[in-house]
Amino acid sequence: MSLFTALRSTSNNALQIGTGLQYHSQNVSSANDPDYQRLEVKYRYNGNFVYLGTPERVNDIGISRELLLQRGTAGESDTLQKYLASLKGLLGIDGKTPKLTDSFERFVQSWRDLQASPDLDSAQDAVVNSGQNLADEISSFAVELGRLRNDANTNINSDIRDANSLLREIGRLNARIANAKAQDISTGVLENERDTALNELSTILAVQTSTNESGVVSVYSRTGHLLLGSSGQPRELAYNSGTREITIGDDENVIADNDRNLLSNGSLKAHFNLIRDGATNTQNRDDNIALIAKYELILDNFVEQLTSSTDITSFNEAFERNSGTPPFTFFNADATARNITVNSDLRDGINRIPIDTVQTDNTDDNVIDVLGLETRNITNTNLTATLQQTNKSYTDLANGIISLLGQTINRYDSLAKTDGAVRDGLKEQLVNRTGVNSDEELTHIQQLQTLYAANARIIATINSMFDDLFRAI
């Protein structure tokens, strides 16, 4: 081998080794990123030169596809759990007596105290104050449901904005990957960037992909809707809060509206299911569909039981029959959950609670007896049977509302944990198969550094020999 051939060989080897060091260093620097899939560097030797093959990213297509779908499933249940957790905090469903239950029990007890001490002004005040506290708790519940509806609308817009942005980013990365492959340049780093975007997208809207020979992925929703084709232009999502419709690609292609939801699993589907209403949805036995509307109906029906003349044994009827001429109501008549309040004349002290309301021997007229009668029914025809309550006292109805919500909260707490555990298990499997082993990578780097140093010494020796040769000439 001539000195020129030896110099060219060792110089090439040093260059190839240096490039390999860059890829191994990239692996090491990303070792703590659970979504990073390592680059596999392969070297070939033809007797004179070391050749660095195009590094390829290690991947497990089966687990990756399953994980994309599971990210959506976990994203949906986790989103529902967070909405319900906010209600849990507001209502005090934390192992203690829930606020609505507690306020109703205090309301009933204040009437008993008035019966025992009808002449005490403090007993009169306690009934009015406990009644207003009950009204405030009901209103707070209703207002919180309204806030959740507004939050869900805001989150729908946010999710759609993020999903469209991610689809555009995936399209741009597709183009860069196709260009790199055409030039036989490693695409591993770009593919990892694209997977990061796909992972984020799938939490919003579970997706599945197909890849062509150029490395370009097409993206579909789990329900089969094309989101991004090989052309690179995404079919963007849009939300019309007025008509409550989510469209894809154009205004005519509706994939979610008040009567149906064809979105893939993910946070977007959870947000949209929450705000659906109307009889079709409130009759649905799936408690994540129209959850807000269902509880709004339950609360309004409960308030109607208190403030309207639902039957002769209702609280309102019993109070009115004993309130004098002309009769007046304890709560504002025909109230809703949002505006229920104690009669302003009672709050201002203009009227006092008639003693007959608690001292009459007639069961149908005695407020205390009426509050305990197990004849109350929440059987709104717009509510599914699982949400109906029959033959209950007022206290039982209040407790039942909280109990029902507590069961829903616990169900989605458990579901979010289960779905999250499955997702994390798949992530761990993928990391074990495709992630970075820092010890192995550092070993490769040390070996390459040794080879690089050896090549450098050879180059230095050849240079010295050339110098000696030129001096001899």
| query | Based on the Cα coordinates of the range 308-359, what is the per residue volume of their convex hull in Å³? | reply | 79
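Take the Cα atoms of the range 64-141, build their convex hull, and give its volume per residue in Å³.
Spread over its residues, the Cα hull of the range 64-141 gives 79 Å³ apiece.
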| said: Using the basic label-point model (7 angstrom from Cα toward the beta carbon), what is the Leu262 to Asn150 distance in nanometres? | reply: 3.3
| Ranked from the most accessible area to the least, with a 1.4 Å probe and all protein chains present, what is the order of Arg65, Arg423, Arg285, Arg244? | Arg285, Arg65, Arg423, Arg244
| Over the Cα atoms of the range 285-333, what Rg and Dmax result, in angstrom? | 14.8, 49
| If you wrap a convex hull around the C-alpha atoms of the range 277-422 and split its volume per residue, what is the figure in Å³? | 123
| Counting pairs of alpha carbon atoms under 8 Å apart in space and at least six apart in sequence, what relative contact order in percent does the chain give? | 23
| Residues with amide H under 5 Å of Glu40's amide H, sequence separation 5 or more or different chain, H placed in the peptide plane at 1.01 Å from N; which? | Glu56, Arg57, Val58
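Could you work out how much longer the chain between Gln359 and Asp311 gets when fully extended? Use 0.36 nm per residue separation minus the Cα distance between them, nm to one decimal.
Numbers: separation 48, 0.36 × 48 = 17.28 nm, distance 2.07 nm.
In short, 15.2 nm is gained.
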| remark: In nanometres, the difference between 0.36 nm per residue of separation and the alpha-carbon distance of Asn32 and Glu252 is 74.7 nm
| note | Per the 1/(1 + (r/R0)^6) rule, R0 = 56 Å and r from the Cβ atoms of Arg352 and Gln407, FRET efficiency to 0.05 is 0.85
| said: Between the range 218-293 and the range 96-152, what is the separation of their alpha carbon centroids in Å? | reply: 39
| note | Of all DSSP beta bridges with both partners in the chain, the antiparallel percent, nearest 5, is 100
| request: Heads up, I need the accessible area for Ser122: 1.4 angstrom probe, whole protein in place, Å², nearest 10. | output: 80
| note | Taking a crude spin-label model, label points 7 Å out from Cα along the C-beta direction, the Arg285 to Glu213 distance in nm is 5.2
| query | Semi-axes, largest first, in whole Å: what does sqrt of 5 times each Cα gyration tensor eigenvalue give for the range 188-228? | reply | 18, 14, 5
| field | Inter-label distance for Glu105 and Glu428, nm, one decimal - labels placed 7 Å from Cα along Cα-to-Cβ | value | 4.2
| For the chain, calculated [θ]222 nm from helices alone, where every DSSP H run of n ≥ 4 adds -39500 (n - 2.57) | -20500 deg cm²/dmol
| field | Whichever lysines have a C-alpha closer than 27 Å to that of Lys427, once near sequence neighbours (fewer than 8 apart) are set aside | value | Lys42, Lys82, Lys269, Lys417
| remark: Heavy-atom accessible area of the chain with neighbours in place, 1.4 angstrom probe: carbon+sulfur share in percent works out to 46
| Just for the Cα atoms in the chain, what are the lengths along the principal axes, largest first, rounded to whole Å? | 131, 47, 33
| query | Kirkwood Rh over Cα pairs of the range 238-315 into Stokes-Einstein at 25 °C, 0.890 mPa s: D in µm²/s? | reply | 173
| task | On a 0 to 90° scale, report how tilted helix 61-91 is relative to the longest principal axis of the chain, with both axes built from alpha carbons and the result rounded to the nearest 10. | result | 30
| Helix 394-434: angle to the longest alpha-carbon principal axis of the chain, degrees 0 to 90, nearest 10? | 10
| task | List, in order, the whole-Hz ³J(HN,Hα) value for each residue of the range 283-297 obtained from phi through the Karplus relation with A = 6.51, B = -1.76, C = 1.60 and θ = phi - 60°; use x for Gly and Pro. | result | 8, 6, 6, 6, 6, 8, 8, 6, 4, 5, 4, 5, 6, 5, 5
| request: Report the extension gain between Gln183 and Arg65 in nm, rounded to one decimal, defined as 0.36 nm multiplied by the number of residues separating them, less their alpha carbon distance. | output: 39.7 nm
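The values are calculated or read from the model by the stated rules, or taken from the named source; none is laboratory data. Worth saying up front: this structure is predicted, and the values here are computed from it rather than measured. Methodologically, a virtual Cβ is constructed for each residue, glycine included, from the backbone with ideal geometry; neighbour enumeration extends over all protein chains shown. Keep in mind that these areas ignore ligands, DNA and RNA; they rest on the heavy atoms of the full protein, side chains included. Shrake-Rupley method; radii C 1.70, N 1.55, O 1.52, S 1.80 Å.
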